Amino acid sequence: MSAVLVAALCLSTSAFAGDVYVNGVRADGLRDLEMTDVSVRFDASGDLWIDAPRYRVEVEAGDEAKAPPTVPAARYWLVTDDQGSSGQVVDVIVNGTLVRKIRSGEPQLILDLKPYLRPGRNTVLLNGIPTRGGSGGSLRVFVGSGRNDAGTVHLDSTDIQLRRGADDATRGESHSHTLDVR
């Protein structure tokens, strides 16, 4: 069950110069809240981006919630498909930021990459980490643009694909991709 955060957006002047985004939604009005199992980063503009997979942000009607021009309009997703693999580890690095470490046996991951992307050219590195060995099926990672329809992600295009099978687990491989974000 995910927690729901309702952000009453008030653009107050404070000591913090940047804006706060939770899962890509501007949420400057949050107060007196503790979040767990989140990742946090500051961008070059000083904005604070919080990736909180267990939380959902809703903006109250009438609030002016506009994303800054540095956020791409399209939605880009990372989706995993584990076909019974074991021993696979993949680091997902977007524009030099470690976004996620993916391991065999984890539940399917569907991750909105919007907080990590900027309009134009982006570098997505899928780094296979060598382990003592793997077995079973393959671990597949897909990155592409798409949409979220009531909790179901549909990829319109798959711009990046990675497949790591049992024979790949002992090899460290880096696959660098350029993603042109519109």
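The values are calculated or read from the model by the stated rules, or taken from the named source; none is laboratory data. Values in this document were obtained by computation on a predicted structure and should not be read as measured data. Cβ sites come from the backbone with ideal geometry, for glycine too, and all protein chains shown count toward neighbours.
For S145, the conditions (1) within 30 Å of G46 (Cβ to Cβ); (2) in a loop (DSSP other than H, G, I, E, B); (3) of a type in the set (G, A, S) are fulfilled apart from (2). Listed by first and then second residue, the pairs linking a residue in the stretch 73-94 that is in contact (Cβ under 8 Å) with a residue 60 or more places away in the chain to a residue that is of a type in the set (F, W, Y) and part of a strand (DSSP E or B), with Cβ atoms under 7 Å apart and 6 or more places separating them unless they lie on different chains, are V79/F142. Among the residues making up the stretch 80-125, a single one is surrounded by 21 or more Cβ atoms within 10 Å (Cβ to Cβ), of a type in the set (D, E, K, R) and under 14 Å from G137 (Cα atoms): D82.
Looking across the stretch 17-39 at every residue that is outside any loop (DSSP other than H, G, I, E, B) and either farther than 20 Å from Y76 by Cβ or among the charged types (D, E, K, R) (or both), the one that is modelled with the highest pLDDT is identified as V20.
Checking T158, T170 one by one, the residue that is among the polar types (S, T, N, Q), assigned to a loop (DSSP other than H, G, I, E, B) and over 17 Å from the mean Cα position of the chain (by Cα) is T170 and no other. Given the condition surrounded by fewer than 19 Cβ atoms within 10 Å (Cβ to Cβ), of a type in the set (A, V, I, L, M) and modelled with pLDDT under 75, answer yes or no: does some residue in the stretch 50-60 qualify? Scanning the stretch 50-60 turns up at least one residue that is surrounded by fewer than 19 Cβ atoms within 10 Å (Cβ to Cβ), of a type in the set (A, V, I, L, M) and modelled with pLDDT under 75.
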